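These notes concern the structure reproduced below.
The values are calculated or read from the model by the stated rules, or taken from the named source; none is laboratory data. These numbers come from a predicted model, not from an experiment. Glycine also receives a Cβ, built like all others from the backbone with ideal geometry; neighbour counts cover every protein chain displayed. What goes into the accessible areas is simple: the full protein's heavy atoms, side chains included, and nothing from ligands, DNA or RNA. Shrake-Rupley method; radii C 1.70, N 1.55, O 1.52, S 1.80 Å.
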Amino acid sequence: MSEKKYSHVMLIGVDGAGGYFKVADTPNFDRIFANGAVTYDALASNPTISAECWGAMILGVGPEVHKLTNENIEDHSYPLDSKFPSVFRRIRENYPDAAIGSFCCWNSINIGLIEDGINVDLGHARDDDMAPKICEYIKEKKPTFLFVQFDTVDGAGHNEGYGSEKYLKRISEIDVLLGNIYAAVEDAGIADDTLFMVIADHGGDGWGHGGWTDTEKYVTFAAAGKDVEKGTIPEMNIRDSAAIVLHALGIDLPEFEEDGWTSQIPDGIWPETDGHYRDISHLTGAEPRISRKQHHSEPV
Ligand SMILES: [Zn+2]
């Protein structure tokens, strides 16, 4: 293990938000990341579908490697013996007693992207009901790693159109929840020792996603915390969130392999990791496929 940079790392995912944090009214996001590293052009996974994209972020490998789909994660737990462990398992192996949480409106992530038996605290509810539970969890457990997936922005995109007024309003409503969650981090007394991040898995085009248009493939990512550089991240793939999470917790990154771990720390996050980012565009040019199927995110 290298030196741990933060005691707490939080990755808040907003499904289907694409790069629209740039245009929606998001005062909390703007305040939280005013001194942080931000991009609205992080590259999603191809195809721009939830399981492919969240899978890349949580496993640090591309969809051509992890081969997960919305269909095959909904009722199969992620194998404990996979050679591509989730960041949850990697953190657990390094921190046997840490509080690790995952709160997902779209429960397929908790089921199919996280290994059973590694003691992750799982939460599942509709976005607006889940946010207060997340705040309670932060204050009570002060988690080492917390992952969140909000789902209703994607729902608004499917129902009202990506980029529409109602869709942007839903991003603003999620922004209120982000503000509440960040306030809980401050109330817990851990803000100075937390890396706080927001990410989207993909955007949308019209009323769907899965293709490779700019509004589908370019997404929001933002990081705030001590030592994080202020400014724009020049180049990033969403799968890089896995490397950022591990490095922040002092966990050595797996070796880069084109048919395996391809998650890297982008330039513009921390001064000491700048200058090593590889161009992996030859790995990410798969033909798009279109999925207009909406999530089923009713809580059970
Ligand atoms: Zn999605």
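In the stretch 189-217, of all residues being among the β-branched types (V, I, T) and surrounded by fewer than 24 Cβ atoms within 10 Å (Cβ to Cβ), the one that is farthest from the ligand (Cβ to nearest atom) corresponds to I190. Of the listed requirements (1) in a loop (DSSP other than H, G, I, E, B); (2) within 15 Å of the ligand (Cβ to nearest atom), Q149 misses just one: (1). If only residues of the stretch 61-118 that are charged (D, E, K, R) and within 16 Å of the ligand (Cβ to nearest atom) are counted, the one that is farthest from the chain's Cα centre (by Cα) is E71. Residue pairs whose Cβ atoms lie under 7 Å apart, separated by 6 or more positions or on different chains, with the first residue in the stretch 180-191 and farther than 16 Å from N28 by Cα and the second part of a helix (DSSP H, G or I) and open to solvent by less than 10 Å² (accessible area, probe 1.4 Å), are A188/I138. The criterion of being among the polar types (S, T, N, Q) and surrounded by fewer than 19 Cβ atoms within 10 Å (Cβ to Cβ) holds for T273.
State which residue is nearest to the chain's Cα centre (by Cα) when the search covers only the stretch 1-23 and only residues that are open to solvent by 10 Å² or more (accessible area, probe 1.4 Å) and of a type outside the set (S, T, Y). Of everything passing the filter in the stretch 1-23, G19 is nearest to the chain's Cα centre (by Cα).
The single condition among (1) assigned to a helix (DSSP H, G or I); (2) surrounded by fewer than 24 Cβ atoms within 10 Å (Cβ to Cβ) that D41 does not satisfy is (1).
Quick check: is even one residue across the stretch 55-67 buried (at least 22 other Cβ atoms within 10 Å of the Cβ) and at positive phi? Yes, the stretch 55-67 has at least one match.
Residue pairs whose Cβ atoms lie under 8 Å apart, separated by 6 or more positions or on different chains, with the first residue in the stretch 7-34 and farther than 17 Å from N180 by Cβ and within 15 Å of the ligand (Cβ to nearest atom) and the second of a type in the set (A, V, I, L, M, F, W, C) and open to solvent by 20 Å² or more (accessible area, probe 1.4 Å), are Y20/L168.
Selection of the stretch 1-18 for residues being farther than 18 Å from E52 by Cα, in contact with a Ser or Thr (Cβ under 8 Å, 6 or more places away or on another chain) and in a loop (DSSP other than H, G, I, E, B) yields Y6, S7. Scanning the stretch 81-99 for residues that are in contact with a helix residue (DSSP H, G or I) (Cβ under 7 Å, 6 or more places away or on another chain) and of a type in the set (G, A, S), we see that the one that is surrounded by the most Cβ atoms within 10 Å (Cβ to Cβ) is S86. The condition of being of a type in the set (S, T, N, Q), within 16 Å of the ligand (Cβ to nearest atom) and at pLDDT 95 or above holds for only one of N180, N159, that being N159. From the list G157, G112, the one residue that fits, being surrounded by fewer than 24 Cβ atoms within 10 Å (Cβ to Cβ) and among the small types (G, A, S), is G112.
Which members of the stretch 41-56 meet the condition of being within 15 Å of L11 (Cβ to Cβ) and more than 9 Å from the ligand (Cβ to nearest atom)?
Within the stretch 41-56, A42, G55, A56 qualify.
Of the helices (runs of 4 or more DSSP H) contained entirely in the stretch 66-139, those carrying at least 2 residues that are farther than 24 Å from H247 by Cα fall at 70-73, 108-112.
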